[in-house]
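The next block holds one structure in the form of structure tokens; read it before the comments.
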Amino acid sequence: EGWCYYTVFSLWDTYRALHPLLTIIDRKRTLDFIKTFIAQWEQGGLLPMWELSANETDCMIGYHAVSVIADAYAKGIRGFDLEKAYQAMKTSAMQKRLGIASMNEMGYVASDGENESVSKTLEYAYDDWCIAEFAKSLGKNDDYRYFIKLAQGYKHIFDASTGFMRPRFNGGWYSPFMPTEVNNHYTEANSWQYSFYVPQDISGLIALHGSDADFEKKLDELFLTNDVLSGRDQADITGLIGQYAHGNEPSHHIAYLYDYIGKPEKTQQRVRQIMREMYKNSPDGLSGNEDCGQMSAWYVMSALGLYAVCPGSDQIVIGSPLFKKAIIHLENGKTFEISAPNNSGVRPYISEATFKGRPFGKSYLTGDQINDGGVLTFTMSDFSIGNFGKNKADLPSTKIVEYPIVISPLISAVSRTFIDSL
């Protein structure tokens, strides 16, 4: 009564760009999505995972409806029952299946008894961060502490000796290990593509690599290394630039990570390259499965010069706008305009910017800034010049500071079995 009930939620795909885009251009429908989620929880016991024509398929991984709810809330969308939404989020995170029990007990999903353990650990950790932030906003401090610890689960599966996310087996590392290998430890991907998936604590991920320079080197290597895959054949992994795979979702945020280390020119160059090479106006114009709007939404947001690296955060990072002018007509009656008068296909770099007529050096905006309207003007260049997005105070950031975890000890043994003691 009073709202529309929706279906077909390919959430593993669409939480990354489609739903963040809709928090800007379709807030009323986003509210109805959340009311639909709550109704499905009330009627079926869980938030949707991948709901298709009024049927839960249990397809893909994660419980990413929590991301859609948390992101909408962070972007100021209200009008839904916050307590019901929170209880629904918590219920999904406390299941005893799909490796979630392992995550809650040990802080990561062990590969001993669960497929796709690396991907599940990383995506559950992100979802748990969404729940933690929502719990904090509601004053549920005990729950916040519980979930913010789980949000750091990625630390348990980061192998400092290789710089990759690896499966844990019998307390140690699963071996042999090749980062190019496509296997059942990852969801439609390999370690290269998932080792950059920590949107909720990018500062923590950088620290694991050692420094901004070390992290930059690793990002460069992703795009520049050989694009040959190993392991099983996986039709979903397409649109390769090195080991970056634009044709499938786990890679979609990676080109924007350079913004977080003060190297926006590398984000601008890569984003333009992806828009130019991975999309075209023909029947095969997408470099991968459209997945209910995610591939197109990535392009729409990127063409505007924007991207939500971490849905649930209020920061929307800046890439490289494709047009000389784009105007978003907001539902509150205001307009948000992205202007780049000297833009062209050979000018991907932002040399300077103004927002509402004032100098603007940050490589991100907040949802409130966009929803309040105004004109964001870029001066584009065919060379990387200027200080836009390079000063430390102007960089986007996600960081988990409270309740740091102790990393699970690594057990290395000659044999899986022993007599008496070891």
When you scan segment 394-415, do you find a residue that is under 30 Å from D112 (Cβ atoms), aliphatic (A, V, I, L, M), open to solvent by less than 80 Å² (accessible area, probe 1.4 Å) and modelled with pLDDT of 95 or more, even just one?
yes
Failed item, numbered, when A235 is tested on (1) of a type in the set (A, V, I, L, M); (2) at pLDDT 95 or above; (3) assigned to a loop (DSSP other than H, G, I, E, B)
(2)
Of a type outside the set (A, V, I, L, M) and either open to solvent by 60 Å² or more (accessible area, probe 1.4 Å) or in contact with a Ser or Thr (Cβ under 7 Å, 6 or more places away or on another chain) (or both): is that true of T366 in this structure?
no
Per-region count, segment 125-146, residues buried (at least 22 other Cβ atoms within 10 Å of the Cβ) and in contact with a Leu (Cβ under 7 Å, 6 or more places away or on another chain)
2
Just checking, does segment 284-293 include any residue being in contact with a Ser or Thr (Cβ under 8 Å, 6 or more places away or on another chain), closer than 19 Å to I25 by Cβ and hydrophobic (A, V, I, L, M, F, W, C)?
yes
Members of segment 287-328 that are of a type in the set (A, V, I, L, M) and assigned to a strand (DSSP E or B):
L306, I316, V317, I318, A326, I327, I328
Please find, among E331, E352, the residue that is surrounded by fewer than 19 Cβ atoms within 10 Å (Cβ to Cβ), of a type in the set (D, E, K, R) and not in a strand (DSSP E or B).
E331
Which of the residues spanning segment 71-98 are part of a loop (DSSP other than H, G, I, E, B) and surrounded by fewer than 22 Cβ atoms within 10 Å (Cβ to Cβ)?
G76, I77, R78, G79, F80, D81, M94, Q95, K96, R97, L98
Search segment 29-48 for residues being open to solvent by 10 Å² or more (accessible area, probe 1.4 Å) and in contact (Cβ under 8 Å) with a residue 40 or more places away in the chain, and hand back the single one that is farthest from R97 (Cα to Cα).
L31
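The values are calculated or read from the model by the stated rules, or taken from the named source; none is laboratory data. Bear in mind that the values here come from a model prediction, so they are computed numbers and not experimental data. Virtual Cβ from ideal backbone geometry, glycine too; neighbours counted across all protein chains shown. Please note that ligands, DNA and RNA were not included when accessible areas were found on the heavy atoms of the full protein model with its side chains. Shrake-Rupley method; radii C 1.70, N 1.55, O 1.52, S 1.80 Å.
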